[in-house]
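Structure record follows, encoded as C-alpha cells.
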Amino acid sequence: MTAAEQSLVTGVPVLTADEAVEVARGAGARLAAGAAERDRRRVLPVEQVDELSASGLLAVTVPQEHGGAGLGAETLAEVVRLLAAGDPNVAQIPHSHFVYVNAMRDQGTPAQQAFFFGEVLAGRRFGNAQSETRSRHVRDHATTLRPIGPVGADGRPREWVLDGEKGYCTGALFAHWIPVLAHLGDDGPLHVAWVERTARGVTVVDDWDGLGQRTTASGTVRLDAVRVAADRLTPYHLTFDKPGTYGAFAQLLHAAIDAGIARAALADAAEFVTTRSRPYPDAGVERAAQDPLVVQAFGELELQVRAAEALLAEAGRAVDRANADLHEHSAGRASLAVAAARAATTAAAVDAGSRLFEVSGTRSALASLGLDRHWRNARTHTLHDPAAWKVHHLGRYAIDGTLPPRHGQV
C-alpha cells in the first residue's frame, strides 16, 4: 500500500503553518530532482501528486471546526511557491483543489462541508471542470444541469443530469472529485456539480499539448448524461454577490506558481554559471561568475525576483486581513494586492526564464539540459488572466480609488 493509499484509510497529518512550510520545502527539493526529465519525456507526476496528498499539504486549508488546520493565504502561498520552485507542474495541479475547498467553505451546507472536508482530510483531491474552449470568453458557460426523475417533498428535483465538455481541466486527471461549473436548468444560475472522477459518463482526456507546463494534464473533461444528486450541488452564482476573497485567493496561488518559476530559473542560472559557463575573453577574468556584466545581470534579476516574492507575501497577508474583517474595501484592497503580485511575478518569471540564457552562455541552450523549460513554463502559466488587466485595475485605483470588479480573475 502506497503512502497515498494509506492516507485514504488513516487520514493525512494536520500540519501547523511552520510544519507546512518545511514539508513544502523538502517536497520542492525532491520535485526539482526529476522536473527536467519529467518535462523532457512528458511523464505525468502521478507518484509526486500522491505524495503531496499523503503529506497533508493538500488539507492545510480545511477549517479548524472540521478537523483541519485552517491555515491562511499567506502560508499557503509560500507552500505553493516552494513546490513551484521544484516543479511548477506539480504545484499547479492542486490549484483548483484549494480553490474548491474555499468554495465548499463559502457555499456548502453543513452536511456537504462535513462530507467533503472529510474527504480532503482522508487524502482525496478535487480537480476542476470550469472553462469551455468553444465559449466566447472565460466566464461564458454552456454546460447545463437538467432535472431528471421525481421531485422531493420540497418540490425540488432529487437528481439532475449533466452534459457538456470542458477544457483546461488541470487536476481532473488526478482527482477523486471533479467540481463542474454548470447552469442549473437552461440559462439558470451557475452551480458547482460535485462529480466523482469515476462516475458513469465522465471521461477525462489527457490531450493537453501546451509548450510549457507539459505535465499538468490540463486536458478535456467530457460529461455524457452524468447523474448528479441534489445534495451534490452548491451555488456558484452567489460567490460574487457580496464582498469576498474567492477570486483574490485563486489569483494569489497563480502568482505563487510564477514566483516559484522565477526563483528556480535564477537558481539554475547561478548553478550553471558557477560550474559550466566559460568567461567572455573581454572580461579578463578566470571564471564566468566573475564577469562584472554577468554579476550585474544577476543582481538585476535577484532584485526583480525578490520584489515579486515580497509582493506575493504581502498579497497573502492582505487576503488574510480581508478574511478577518471582510467588507467591500478590505476585499478590494486584497484583490489589488494580489493584482500587483500577479503583475510582478509574471514579469519576473518570464524575464528570469529568458535572461537565464543571456547570463549562462551558449552551452546553456543545449536541449538535453532542459533549461528552456523555465521560460516555457513561465510563458504558458502566465497566460492565465492577462497581467495588463491587473495593471489597469491598479491604475484606476491609483487615479480615483476605483475598486476592482468582483469576479474570479482579480
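Relative to the longest principal axis of the Cα atoms of the chain, the long axis of helix 17-41 lies at roughly 70 degrees. Is segment 255-330 rounded, prolate or oblate when judged by the Cα gyration tensor, a ≥ b ≥ c being the square roots of its eigenvalues, rounded requiring a/c under 1.5 and prolate requiring a/b larger than b/c? Prolate.
Quick check: from the Cα gyration tensor, does segment 144-235 come out rounded (a/c under 1.5), prolate or oblate? Prolate. Put simply, when 394-404, 12-22 are sorted by average Cβ atoms within 10 angstrom per residue, most first, you get 12-22, 394-404.
Cα centroids of segment 377-393 and segment 193-252: 21 Å apart.
Taking THR239, THR61, THR275 as the candidate residues, the one with maximal mean-square fluctuation in a Gaussian network model of the chain, Cα springs under 10 Å, is THR275.
Here the residues THR346, THR198, THR245, ranked from fewest to most Cβ neighbours within 10 Å of their Cβ, fall in the order THR198, THR245, THR346.
Give me the number: length gained by fully extending ALA398 to LEU238, i.e. 0.36 nm times residue separation minus the C-alpha to C-alpha distance, one decimal in nm.
Gain on extension, ALA398 to LEU238, equals 54.7 nm.
The modelled label-to-label distance between GLU47 and ARG158, using points 7 Å beyond Cα along the C-beta direction, is 4.7 nm. Look at LYS390, LYS242 and count the other Cβ atoms within 10 Å of each Cβ; fewest to most, that gives LYS242, LYS390.
Across all C-alpha atoms in segment 3-121, the radius of gyration and Dmax reach 14.2, 45 Å. Take the alpha-carbon centre of segment 39-87, take the same for segment 152-188, and report the distance between them in whole Å. Rounded to whole Å, the Cα centres lie 25 Å apart. Computed over all pairs of different Cα atoms, the Kirkwood value for the hydrodynamic radius of the chain is 22.1 Å. For the chain, the mean residue ellipticity at 222 nm estimated from helices alone is -17000 deg cm²/dmol, where every DSSP H run of n ≥ 4 contributes -39500 (n - 2.57) and the total is divided by all residues, rounded to the nearest 500. Largest GNM mean-square fluctuation among ALA349, ALA283, ALA122, using the chain with Cα springs under 10 Å: ALA283. Obtain the radius of gyration and the Kirkwood radius of segment 94-191 from its C-alpha atoms and give Rg over Rh. Over the Cα atoms of segment 94-191, Rg/Rh equals 0.98. Computed over all pairs of different Cα atoms, the Kirkwood value for the hydrodynamic radius of segment 246-400 is 16.6 Å. Each Lys or Arg adds one and each Asp or Glu takes one away; over the other residues whose Cβ falls under 15 Å from the Cβ of PHE298, this sums to -3.
Normalised by the number of residues in segment 3-121, the mean separation of alpha-carbon contacts (under 8 Å, six or more apart) gives a relative contact order of 33 percent.
Measuring nothing but how far apart in sequence close Cα pairs (under 8 Å, 6+ apart) lie, relative to its length, the chain scores a relative contact order of 16 percent. Taking the chain as a Gaussian network, where each spring joins two C-alpha atoms under 10 Å apart, which residue of VAL46, VAL228, VAL180 fluctuates the most? So, out of VAL46, VAL228, VAL180, the one fluctuating most is VAL46.
The numbers here are math on the coordinates, done by the rules we state, and not lab data. Quick caveat, the model's predicted, so the values are computed rather than measured. All Cβ positions, glycine included, derive from the backbone under ideal geometry; neighbour counts span all protein chains shown.
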